[in-house]
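Here's the structure, in structure tokens; my notes come after.
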Ligand SMILES: Cc1cc2nc3c(=O)[nH]c(=O)nc-3n(C[C@H](O)[C@H](O)[C@H](O)COP(=O)(O)O)c2cc1C
């Protein structure tokens, strides 16, 4: 299987940390069973040059919102906007096959809201969530969610 491509953004390092652990988890899976895909992750930041994506990818995005309550009052995305702009660039949205969100459950209804909004705005499924840096049991859960989605996409394209 081809490597799983992930684009992510991380402002304070939690997402970066989780992606590092997820990549290591994938390496271990791959070493035990070469059919299990590796992970190829690219960080998007304000400094990134926008490129036209040619392969399917997943987006990992944390949530930074200003105001609102996530239900009936407006909330404004902060800090992560460049990730959305990257997906909206050229034909990149056509290759987005799933979104994984992170956040802090103290934000209640706004937990992982940015990822949910991306999923809706860019018409890709919201696949999984984890809190902050995640914990070890999140790694197999998220990895399997990506695999399941990849299998579905391959079946759709066949
Ligand atoms: C100013 C600010 C606003 C935040 N707003 C939300 C929010 O609305 N919902 C949520 O689930 N988490 C929220 N968080 C928590 C972050 O999403 C969480 O800490 C995440 O792990 C940060 O990822 P990063 O370290 O990769 O940037 C907020 C954090 C900060 C500092």
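Rule-based calculations on the coordinates, nothing more; no lab input. No experiment lies behind these values; they were computed from the predicted model shown. All Cβ positions, glycine included, derive from the backbone under ideal geometry; neighbour counts span all protein chains shown.
Could you work out which residue, out of 80, 63, 20, moves most in a Gaussian network model of the chain, that is, has the largest mean-square fluctuation with Cα springs under 10 Å? Checking each option, the largest mean-square fluctuation is seen for 20.
Only Cα pairs under 8 Å and 6+ residues apart enter the sum, and on that basis the relative contact order of the chain stands at 23 percent. How much of the DSSP beta bridge set in the chain is antiparallel, as a percent to the nearest 5? Restricted to the chain, the bridges split so that about 10 percent are antiparallel. Projecting label points 7 angstrom from Cα along Cα→Cβ for residue 88 and residue 141 puts them 3.2 nm apart. Here the gap between residue 54 and residue 78, fully extended at 0.36 nm per residue and compared with their Cα-Cα distance, gives a gain of 5.9 nm.
Working out 0.36 nm times the residue gap between residue 108 and residue 120, then minus their Cα-Cα distance, what length gain in nm do you get to one decimal? Fully extending the segment from residue 108 to residue 120 adds 2.4 nm. In square nanometres and to one decimal, what's the mean projected area of the convex hull around the Cα atoms of the chain? In nm², the orientation-averaged hull projection of the chain is 9.3. Between helix 138-157 and the chain there is an angle of about 70 degrees, using the helix long axis and the longest principal axis of the Cα atoms. Reported to the nearest whole Å, the Cα centre-to-centre distance from region 83-115 to region 15-33 is 21.
Here the extension length gained between residue 20 and residue 32 equals 2.4 nm, from 0.36 nm per residue of separation less the Cα-Cα distance.
The angle between the Cα long axis of helix 14-32 and the main principal axis of the chain comes to about 10°, on a 0 to 90 degree scale.
Put the Cα centre of region 35-54 next to the Cα centre of region 120-137 and the gap is 17 Å.
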